[in-house]
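These notes are about the structure you will find just below.
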Amino acid sequence: MTSTTQIRLGTRRSPLAMAQAVETRSRLCAAHGWDESAVELVPVIASGDKIQDRPLADIGGKALWTRELDNWLDEGRIDAAVHSMKDVETLRPAEFAIGAILPRADKADMLLGAASIAAIPRGARVGTSAPRRAAQLLNARPDLEVVGIRGNVATRMAKLQAGEADATFLAAAGLERLGETGVGTRLDPEEWLPAPAQAAIGIECRAADDRTCDLLAAIDDKPSHEEVLAERALLEGLGGTCHSPIAALTRREGGKLRLTATIYSADGAIRISDEAMFEPGDLDAPRQLAARLLDKAPTHVSALFGGQA
């Protein structure tokens, strides 16, 4: 750390990850009255960025996004790590703490290549490697074909342009953070539930590092933090992995949280939904919601849950 550096932020090197780190730096500087040079961005190449040709679930799950940053944080080479919270494993090392969740952006998915799910041509190929999106799509349109497509936002948009798929999905928040506005059709998250913790940027630090914890607390958005913790408790209760098709949406109603969750069979033929209303900070309620969903699920659906990735 140089004499002017106050905090070192680790981040993946992808354009979206870098944009999220820049936003974190801006918020830290605004909160503490620092010059931009006070926050050092430390890019790390994640395993998930190196391997683009296979589904995430087949090559190690969400840990591929966090492993390198975890090591650097544990070794003290960085003070905090910036993450897309939907990509962070549900069970984390006890020595790490979520120091801040930034104000959550648009939770919705965007559909590229068609004006709506109904407007996708019959028999078209839709690119996604996300079990949640694949199951949602096949539940609504069993006539469509799902083809695997991975990579960062620019790569997936290029694959669509190259004809590798007729349509695909991207997170609205990611497009917005990259300045890609006016791209695709927004899918109403009330009808097309997003992934748990979608659109939330989280910053982790060492739990014993009081100084960094205090610095991050200044940029923590409490309502967003409460939503993310609730959705992660749902994931914990489900034993959700990268193979598990899970969709969830949290809304605030009169000071309480309403969490709607849906689980699917891999082929989308079975859809099980339920919801819960509870006080912010009550993490047992999302876990109980998870238990109800699994109780309703046939064996071949519940078999997709109960692990950790």
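The values are calculated or read from the model by the stated rules, or taken from the named source; none is laboratory data. Because the structure is a prediction, the values reported are computed rather than measured. Here Cβ is always computed from backbone atoms with ideal geometry, including for glycine, and neighbour counts include all displayed protein chains.
General remarks:
- Any hit, the stretch 130-148, residues being in a loop (DSSP other than H, G, I, E, B), modelled with pLDDT of 95 or more and either aliphatic (A, V, I, L, M) or in contact with a strand residue (DSSP E or B) (Cβ under 7 Å, 6 or more places away or on another chain) (or both): yes
- Meets criteria (touching a helix residue (DSSP H, G or I) at 6+ places or on another chain (Cβ under 8 Å), under 29 Å from Pro131 (Cβ atoms), buried (at least 22 other Cβ atoms within 10 Å of the Cβ) and not aromatic (Phe, Trp, Tyr)) for Glu231: yes
- Hits in the stretch 79-111 - residues which are modelled with pLDDT under 95, part of a loop (DSSP other than H, G, I, E, B) and under 13 Å from the mean Cα position of the chain (by Cα): Val88, Glu89, Thr90
- Within the stretch 130-147, the set of residues being buried (at least 21 other Cβ atoms within 10 Å of the Cβ) and not hydrophobic (A, V, I, L, M, F, W, C) comprises Pro131, Arg132, Arg133, Gln136.
- Candidate set from the stretch 159-174 (those that are of a type outside the set (Gly, Ala, Ser) and in a helix (DSSP H, G or I)); member that is surrounded by the most Cβ atoms within 10 Å (Cβ to Cβ): Leu160
- One residue from Arg156, Arg150, Arg177 being within 20 Å of Ser14 (Cα to Cα) and surrounded by fewer than 21 Cβ atoms within 10 Å (Cβ to Cβ): Arg150
- Annotation: Asp49 fulfils all but one of (1) modelled with pLDDT of 95 or more; (2) touching a strand residue (DSSP E or B) at 6+ places or on another chain (Cβ under 8 Å); (3) surrounded by 15 or more Cβ atoms within 10 Å (Cβ to Cβ); (4) not aromatic (Phe, Trp, Tyr); the unmet one is (1).
- For beta carbons closer than 8 Å, sequence separation of 6+ or different chains, a first residue in the stretch 117-130 that is in the same structural domain as Asn152 (by TED's automatic domain parsing) and at positive phi and a second that is in a loop (DSSP other than H, G, I, E, B) and buried (at least 18 other Cβ atoms within 10 Å of the Cβ), the qualifying pairs are Gly123/Leu144.
- Some residue of the stretch 252-264 being crowded, with 21+ Cβ neighbours inside 10 Å, out of contact with any strand residue (DSSP E or B) (no Cβ under 9 Å at 6 or more places or on another chain) and either in a loop (DSSP other than H, G, I, E, B) or among the hydroxyl-bearing types (Ser, Thr, Tyr) (or both): no
- Of the criteria (1) outside any helix (DSSP H, G or I); (2) without any contact (Cβ under 8 Å) to a residue 24 or more places away in the chain, which one Ala197 fails: (2)
- Matching residues in the stretch 286-307 - criterion: being touching a residue at least 40 places away in the same chain (Cβ under 8 Å) and either in contact with an Asp or Glu (Cβ under 9 Å, 6 or more places away or on another chain) or of a type in the set (Ser, Thr, Tyr) (or both): Pro286, Arg287, Leu289, Ala290, Leu293
- Cross-chain or 6+ apart pairs with Cβ under 8 Å, the stretch 11-25 first and more than 12 Å from Ala80 (Cα to Cα), then assigned to a helix (DSSP H, G or I) and among the β-branched types (Val, Ile, Thr): Pro15/Val153; Leu16/Val153
- Among (1) of a type outside the set (D, E, K, R); (2) surrounded by fewer than 24 Cβ atoms within 10 Å (Cβ to Cβ); (3) assigned to a strand (DSSP E or B) - the single one Ile120 does not satisfy: (3)
- Qualifying residue in the stretch 15-38 (condition: modelled with pLDDT under 95, in a loop (DSSP other than H, G, I, E, B) and touching a helix residue (DSSP H, G or I) at 6+ places or on another chain (Cβ under 7 Å)): no
- Here Ala80 passes the criteria (1) crowded, with 23+ Cβ neighbours inside 10 Å; (2) under 21 Å from Ala195 (Cβ atoms); (3) in the same structural domain as Asp209 (by TED's automatic domain parsing) except the one numbered (2).
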